[in-house]
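This report refers to the structure that appears directly beneath it.
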Number of protein chains: 2
Amino acid sequence: MQAFRLTRTARVPGYNRHSLLRIPSHLFLRSSPTQTSLRTHRTFSTTRTPAMPRTPETASFKFNHTMLRVKDPKVSLKFYTEVLGMDLVASTHLCLLSALEPLLTFPPAENEFETFTLYFLAFDHGTNTTAENRFTREGILELTHNHGTESDPNFQGYANGNSDPGRGFGHIAITVDDVEAACARFERLGVRFQKRLTDGKMKHIAFILDPDGYVLP
Amino acid sequence: MQAFRLTRTARVPGYNRHSLLRIPSHLFLRSSPTQTSLRTHRTFSTTRTPAMPRTPETASFKFNHTMLRVKDPKVSLKFYTEVLGMDLVASTHLCLLSALEPLLTFPPAENEFETFTLYFLAFDHGTNTTAENRFTREGILELTHNHGTESDPNFQGYANGNSDPGRGFGHIAITVDDVEAACARFERLGVRFQKRLTDGKMKHIAFILDPDGYVLP
């Protein structure tokens, strides 16, 4: 992250002088709010876990990836690599054969499709993330494509998690240095916005939508 | 990550000698599969994006966090900190006042509750992640608590994304050094399993469930 413009303020830590871009079933972008405007509708309390008994048993744990299902990987990969700038670091094709019925419980919801492909993306930025070492880092996005959805006229699309029924998952978020420039570029590239920087009170945050409608703030 | 037992194999990169623990609406754990057993039902192709025209405009982008809604933060925070070993690095309380109606479009699905709290967790592991610098790293988990759900007898719970209606989000995944030890510990702690290591053919993967039913493999 280049030149993240962070300031250390006691009242609204992390909310001044930075930009945040989120992408759940939509993308959410944030940039340099003023503390004053935020105070009108927010109260903040920052908590640091007080000396949690961190056990050696979890010392190796990493939050490696988040998985989202996508309808058409061609469209999604174009969006995540060319629009967002992520790198495709690995892909895995899986075939669930009927002879391996025990496997059909995993993943539990992919049963109606015989084959699916997993795509693993990350912001590499010179870290040289590969298929081999991708388990050793955080910030991986896994996209699951159940073969056939891209051409099935009866496929209704996936839920983005932000409305009932199906509410639960919210978004994935991407931080950026300059949210105004990022949004201007997304406008040029025809990205769908759920909330532009100019919408509402929170001028430092934007939400955009990925091809499946997942939100990215 | 301590002593990640990675080997570099051309055929199944990343699938030998490592452990993976996933946690979407359930947790998924993976450990040391043998290449032979996997070949019976999988074909692999590893893709490295060929010289993507990475633009300087996305050079600062980071996959900062994933947001999930939770019913009861007391239960969820206990799970994510004490069971999984994550650190609570920040929390934010928000109040949407009716005088600020434009804000009600964001977040779009939180309108029925006047107030909500956002909790930000991460595996710190000595990196000293704070509320101030949490935007400069990846691997953050945001838990959203819409006040009232924890005590509302009519609240039906959140969808975990893995069944219709509401299918879309799949899971969040955690990598671990020793998946057998991790699973044994989870058993002792009473964690719900969706798939134990001994279930099915994939003996290196387990899925556990968080308090809201999100899957963690």
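For the range B:56-76, the candidate set comprises residues that are in contact (Cβ under 8 Å) with a residue 12 or more places away in the chain, more than 9 Å from every other protein chain (Cβ to nearest Cβ) and out of contact with any His (no Cβ under 9 Å at 6 or more places or on another chain); within that set, the residue that is surrounded by the fewest Cβ atoms within 10 Å (Cβ to Cβ) is B:K74.
Here's a check for you: in the range A:158-195, which residue that is assigned to a strand (DSSP E or B) and polar (S, T, N, Q) is nearest to the other protein chains (Cβ to nearest Cβ)? The extreme case among them is A:T175. Of all residues in the range A:194-212, those satisfying the criterion of being crowded, with 16+ Cβ neighbours inside 10 Å and without any contact (Cβ under 8 Å) to a residue 60 or more places away in the chain are A:R196, A:D199, A:G200.
Just to be sure before I move on: is A:Y80 closer than 30 Å to B:D124 by Cα, of a type in the set (F, W, Y), at pLDDT 90 or above and in a strand (DSSP E or B) in the structure I sent?
Details: closer than 30 Å to B:D124 by Cα: yes; of a type in the set (F, W, Y): yes; at pLDDT 90 or above: yes; in a strand (DSSP E or B): no.
No, not satisfied.
Could you go through the range A:139-154 and let me know if any residue there is out of contact with any strand residue (DSSP E or B) (no Cβ under 8 Å at 6 or more places or on another chain) and either part of a strand (DSSP E or B) or within 7 Å of chain B (Cβ to nearest Cβ) (or both). No, every residue in the range A:139-154 fails to be out of contact with any strand residue (DSSP E or B) (no Cβ under 8 Å at 6 or more places or on another chain) and either part of a strand (DSSP E or B) or within 7 Å of chain B (Cβ to nearest Cβ) (or both).
The values are calculated or read from the model by the stated rules, or taken from the named source; none is laboratory data. Just so it is clear, the structure is predicted and the values come from calculations on it, not from any experiment. As a convention, Cβ positions derive from the backbone with ideal geometry for all residues, glycine included, and neighbour counts pool all protein chains shown.
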